[in-house]
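One structure is given below, encoded as structure tokens.
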Amino acid sequence: MSEGEKSLLEVRDLAVTFETSRGPVEALHGVSIDVRRGETVAVVGESGSGKSTLAASVNRLLASNGTITAGSVRLDGTELTDLPERAMIAVRGSRIGMVPQDPMTGLNPTMTVGAQIAEALEVHGLASGQAARTRAVELLAAAGIADADSRFRQYPHEFSGGMRQRVLIAMALACRPELLIADEPTSALDVTVQRLVLDQMAALADELGSAVLLITHDLALAAERADRIVVMHSGRVVEEGPSRRVIDAPQEDYTKRLLAAAPSLATPMVSAEPVAAQRDRKSTAVLLSLGGVTKRYHVRGRREPLVAVDDVSIEVCRGRTVAIVGESGSGKSTTARMALRLEDADSGSVSFEGTDVSRRRGRSLQGFRRSVQPVFQNPYASLDPRYTVGRSIAEPLRVHGIGDEATRRHTVEGLLAKVALSTDLADRLPHELSGGQRQRVAIARALALEPDLVVLDEAVSALDVLVQQQILELMVTLQRELDLAYLFISHDLAVVRLVAHEVHVMQHGRVVESGDPREVFADPQHEYTKRLVAAVPRARRAGPQA
Amino acid sequence: MTALLSLWRNTFVRRVLEAALTLVGVSVLTFAVLRVLPGDQITASYGIEAGALSPDQLASLRAYYGIDRPLVAQYFSWLGGVLTGNLGVATQSQQDVLDMTLRALPITMELAVLSIVVALLLGVPGGLLAASRAGALRDNGSQLLSLLALSVPTFLVATALSSWLANRFGYNPNGEEFATLLRDPALNLQQMALPALTLGVSIAAPVFQTTRASVLAIRDEDYIRTARAKGVPPRRLQARHVLRNALIPVVTISGLQFGFLLGGAVVIEQIFSIPGIGRQVLLGMTQKEYAVVQSTVLVIAVLFVLVNLLTDVVYRLVDPQARAQ
């Protein structure tokens with residue numbers, strides 16, 4: 001792109017303020033970006049960086065408490081910030097398309113997908129009736145939906161997440177908009193699907209000549225997909241430039257930190273325990289052992305039961321991290337639930353320190369519950385919003401009748417210090433804490449009973465990379481100090497490679513490949529593992545330097 | 001066993017079996033409650049003089065009413081009758097319960113339909129209006145009204161309204177003999193107006209609240225934003241995207257309320273002298289007419305089950321996800 005060329009989208013000194021109960025909060029301060037015709041620009045940042053607010057300001061769909069307080073947004077020379085609402089409605093969809101973040105909630109459940117695509121054409125007077133229908137079917141097919149003609153009449157719930165996102169892409173591009181805004185278009189999808197959907201979106205946008213404003217938290221993904229990258233932090237643009245340059249030679253400190261924190265398949269392991277020492281242990285201290293466990297569910301309207309977990313055998317030794325990777329529906333969470341004895345296996349055995357877990361009752365079961373503790377994915381949902389941090393952490397102690405009020409208070413302070421949180425957080429409520437702080441609280445709670453094994457089900461997936469890095473480091477430090485074992489459930493290969501001593505790859509309820517993650521990911525044997533590895537964005541496969 | 005299990009998983013079969021079980025439960029419960037209550041048909045018809053009856057007279061009266069037989073035998077003989085279309089006879093008036101029910105039921109149904117229409121006409125637009133400016137005067141005002149409608153007992157309003165009309169204007173259609181819709185539509189509708197309005201207003205309150213809450217929730221859904229992002233103008237957005245989704249819970253609550261109405265609004269029917277099914281049960285209770293109460297309650301239960309099934313059908317029409325299951 002030459003410098004003199006006119007921009008399609010020109011954002012200048014944009015400021016956006018949200019009215020909140022604690023007074024006005026400025027979410028964007030003087031943001032300026034440009035998108036040229038046919039170009040893909042990625043806006044990268046952590047949650048709270050203002051990247052989604054920027055996207056919503058462009059087509060003026062800010063939440064009702066948000067207002068643009070200064071600056072300008074020009075689309076091909078037309079000022080959008082002071083355009084009357086009626087005129088803005090004509091711009092939305094026809095000149096600016098939008099692909100939302102979550103395909104599961106982005107489609108109207110009471111309208112057929114075909115009607116929803118045709119509607120985009122109808123409201124802008126581009127086509128109606130049979131013509132709109134024909135065009136909608138073409139768009140569906142172009143977005144990668146097989147058998148588009150009969151799929152046209154189906155409802156959103158009959159489509160998978162990836163399919164729904166394709167429908168939304170078809171809908172956003174229906175009127176050949178000059179600009180497509182894609183706000184985290186694939187972060188809710190499985191990794192292998194992500195790649196396909198992004199490929200299709202790029203191909204279709206390219207064919208129609210639409211420029212793309214891609215909002216993402218994933219630098220590697222941005223590097224792979226965009227011509228230029230804009231890095232945002234706390235409502236400001238920190239750095240921008242051609243993708244290669246930003247990734248290879250970041251100028252700003254913040255960008256460097258982001259890059260360093262994002263794990264890739266080439267990052268050295270965080271846990272650097274000598275391999276020999278681990279091998280010695282393996283024979284001596286098997287903590288948890290799943291032997292050929294199988295779990296079936298009866299699904300309404302299906303004659304055959306769904307086999308969620310099929311003959312899975314996994315061993316976790318003291319002081320080691322065993323990871324299970326796989327996509328949604330692979331059975332990895334069900335396996336974790338059986339390890340926690342939140343579910344019983346239909347066949348096979350789950351034993352802990354040599355005794356069968358399913359036979360444990362009363363005191364023995366209590367003992368098991370103390371030794372094995374869970375940490376779940378969502379740090380927002382797993383803490384009771386009405387409990388103070390201190391009360392949440394002390395609850396396991398209270399449940400198991402350990403200590404009195406004063407000693408528990410003391411234990412809580414010790415635990416907070418252990419997860420690197422200030423002790424005066426004990427009296428705060430969860431909503432006053434950031435996502436990373438909450439996940440630390442959840443870990444502190446899991447450690448309260450001095451467990452031997454902690455089961456982490458996607459425990460770092462919802463966190464921003466910088467926070468994720470801190471939590472992973474914390475996990476490894478605690479493992480060394482307390483000789484903890486982890487059963488680590490994740491879909492993120494790079495994170496697994498960072499912390500796990502052993503990995504099991506699951507697909508359709510079966511373990512298809514196992515071994516040392518460095519070896520497994522460097523030289524995958526099974527087709528499915530190969531696909532998973534290939535789905536990792538290039539920059540993360542080889543590391544930022546490559 | 002597996003065959004039975006798979007049969008159970010068939011939604012339709014399961015619904016029918018559940019309905020049948022519900023009805024058996026209702027019949028046993030009604031039967032038992034009537035027997036547990038003190039007094040029987042003899043004390044009901046002879047009053048305190050029942051104490052003066054000789055043992056022989058008592059025995060022959062018991063045999064006459066059929067209450068000398070063991071309870072199980074009484075239950076099954078009644079149930080057998082019901083299954084063959086014989087709902088029994090009211091001993092005092094010698095009327096067939098089936099005939100009584102066939103006369104009372106259409107009246108109750110008419111009242112129920114009119115009430116639900118009033119409720120929907122008030123509740124749905126009211127809810128939409130309130131949700132259109134949440135927190136504004138119209139929202140707070142209509143919320144206050146609905147709270148009032150919920151908390152003031154209907155019979156109080158009903159009595160006050162009808163006596164005020166009668167005293168002030170001499171207008172008291174319910175004072176005249178009840179006219180069915182077919183015999184005298186003009187009088188019938190006048191007689192139905194007040195009770196339908198009273199019932200309708202009290203049902204409008206939950207309908208209003210449900211509509212308002214669900215419109216507000218739907219407006220924050222991601223798919224509403226998607227629709228706005230593709231340029232759907234406000235009116236079309238309201239009609240095709242918000243309303244259709246918001247009506248799903250409204251259908252559920254209206255169906256439930258309609259089911260209750262079919263059970264007869266006992267108090268309202270009594271106040272306005274409407275010979276509906278609620279009054280029939282009440283009359284049967286005071287006169288210890290076992291057959292009347294048992295059979296009428298069972299008929300009401302059947303209707304309730306049918307209305308629930310019907311609600312499901314309507315539900316499937318508005319919610320494609322329910323259709324798939």
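The values are calculated or read from the model by the stated rules, or taken from the named source; none is laboratory data. Remember, it's a predicted structure, so these values are computed and weren't measured experimentally. No Cβ is skipped: glycine too gets one built from the backbone with ideal geometry, and neighbour counts run over all protein chains shown.
If the condition is being assigned to a loop (DSSP other than H, G, I, E, B) and either at negative phi or touching a Ser or Thr at 6+ places or on another chain (Cβ under 6 Å) (or both), then the range A:223-252 contributes A:226, A:227, A:249, A:250, A:251, A:252.
Residues are listed down the side, and each one gets a yes or a no for (1) within 14 Å of chain B (Cβ to nearest Cβ); (2) in contact (Cβ under 8 Å) with a residue 60 or more places away in the chain:
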site: A:154; (1), (2): yes, no
site: A:177; (1), (2): yes, yes
site: A:184; (1), (2): yes, yes
site: A:191; (1), (2): no, yes
site: A:198; (1), (2): no, no
site: A:205; (1), (2): no, yes
site: A:220; (1), (2): no, yes
site: A:223; (1), (2): no, yes
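A single member of A:141, A:120, A:170 is part of a helix (DSSP H, G or I), at the interface with chain B (Cβ under 7 Å from one of its Cβ atoms) and either among the aliphatic types (A, V, I, L, M) or on the phi > 0 side of the Ramachandran plot (or both), and it is A:120. Pairs meeting the criteria (first residue in the range A:481-492 and surrounded by fewer than 23 Cβ atoms within 10 Å (Cβ to Cβ), second residue of a type in the set (Ser, Thr, Tyr), beta carbons under 8 Å, at least 6 apart or on different chains) are A:491/A:328; A:491/A:461; A:492/A:461.
Checking the conditions here, which among A:103, A:109 is in contact with a Pro (Cβ under 8 Å, 6 or more places away or on another chain) and within 13 Å of chain B (Cβ to nearest Cβ)? Only one candidate qualifies: A:109.
The residues listed here are A:93, A:97; of these, the one that is more than 23 Å from residue A:193 (Cα to Cα) and within 9 Å of chain B (Cβ to nearest Cβ) is A:93. Determine whether residue B:201 is free of Cβ contacts under 8 Å to residues at least 24 places away in the same chain and on the phi < 0 side of the Ramachandran plot. Against the criterion (free of Cβ contacts under 8 Å to residues at least 24 places away in the same chain and on the phi < 0 side of the Ramachandran plot), residue B:201 does not qualify. For the range A:123-138, a tally of residues being of a type in the set (A, V, I, L, M, F, W, C), touching a residue at least 24 places away in the same chain (Cβ under 8 Å) and more than 9 Å from every other protein chain (Cβ to nearest Cβ) returns 2.
Within the range B:112-166, being within 17 Å of residue B:272 (Cβ to Cβ), surrounded by 13 or more Cβ atoms within 10 Å (Cβ to Cβ) and not hydrophobic (A, V, I, L, M, F, W, C) holds for B:115, B:154, B:159, B:162.
When the residues of the range B:234-266 are filtered to those that are part of a loop (DSSP other than H, G, I, E, B) and out of contact with any Lys or Arg (no Cβ under 8 Å at 6 or more places or on another chain), the one that is farthest from the other protein chains (Cβ to nearest Cβ) is B:265. Checking each residue of the range B:193-209 against the condition of being touching a Cys at 6+ places or on another chain (Cβ under 9 Å) and either in a helix (DSSP H, G or I) or of a type in the set (Gly, Ala, Ser) (or both) gives no match. Looking only at residues in the range B:294-324 that are within 14 Å of chain A (Cβ to nearest Cβ) and among the aliphatic types (A, V, I, L, M), which one is farthest from the chain's Cα centre (by Cα)? It comes out as B:324. Can you find a residue in the range A:432-451 that is of a type in the set (Val, Ile, Thr), within 30 Å of residue A:291 (Cα to Cα) and outside the structural domain of residue A:285 (by TED's automatic domain parsing)? Checked the range A:432-451: at least one residue is of a type in the set (Val, Ile, Thr), within 30 Å of residue A:291 (Cα to Cα) and outside the structural domain of residue A:285 (by TED's automatic domain parsing).
Residues of the range A:370-401 that are part of a helix (DSSP H, G or I) and in contact (Cβ under 8 Å) with a residue 24 or more places away in the chain: A:370, A:371, A:389, A:390, A:392, A:393, A:394, A:395, A:396, A:397. Within the range A:71-90, none of the residues are crowded, with 23+ Cβ neighbours inside 10 Å, within 13 Å of chain B (Cβ to nearest Cβ), of a type in the set (A, V, I, L, M) and out of contact with any Gly (no Cβ under 7 Å at 6 or more places or on another chain).
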